[in-house]
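Q: Before anything else, here's the structure in question.
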Amino acid sequence: MDMQPYKEALLRKRGELLGADGVKPFQATMENNSRQGDMADQASGNNEVHIQLKLKQTDAKILQAIEEALGRIDKGTYGVCRDCNEPIAPARLDAIPWTRVCITCKEKQKS
Ligand SMILES: [Zn+2]
């Protein structure tokens, strides 16, 4: 199995997540928006902050999963389900390169 495309996808996504954290242009835009909205939008402004915090938590989780996936590529265990040790379907890896489990085990987790 050729790991290179997955490695590249993982590194690219990691770069996106790290780049999105603490970069000024995005924050500046947010600030301008809230100033324009002024007091009338204070409530929805709070909601925006809340959503951003939630996104940050998700980002951190994905970031951790990406680090693990990169480690598995180095060890040669990438693409194998953590729970059942079966190979994960390539289509699933294409969609979520940092996934740890196959679709069957993911479905089991939900229920
Ligand atoms: Zn599995």
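Q: State the extension gain, in nm to one decimal, for the chain segment bounded by K108 and K7, taking 0.36 nm per residue of separation less the distance between their alpha-carbons.
A: Once the chain is fully extended between K108 and K7, it gains 33.6 nm.
Q: Determine the sum of side-chain charges near C102: Lys and Arg each +1, Asp and Glu each -1, restricted to other residues whose C-beta is under 11 angstrom from that of C102.
A: For residues surrounding C102, the net value is +2.
Q: Return the long-range amide H neighbours of V80 (sequence gap of 5 or more, or a different chain), with a cut-off of under 5 Å between placed amide H atoms.
A: Sorted by chain and number, the residues that satisfy this are I88.
Q: Residue by residue through region 89-105, which ³J(HN,Hα) values in whole Hz follow from phi under the Karplus form 6.51 cos²θ - 1.76 cosθ + 1.60 (θ = phi - 60°), with glycine and proline marked x?
A: Each residue's phi maps through the Karplus curve to give 4, x, 4, 5, 5, 5, 6, 9, x, 9, 5, 9, 10, 6, 5, 5, 5 Hz.
No value in this document is a laboratory result; all are computed from the given coordinates. All of these numbers come straight from a predicted model, not from anything done at the bench. Heads up, the Cβs are rebuilt from the backbone with ideal geometry, glycines too, and the neighbour counts pull from every protein chain shown.
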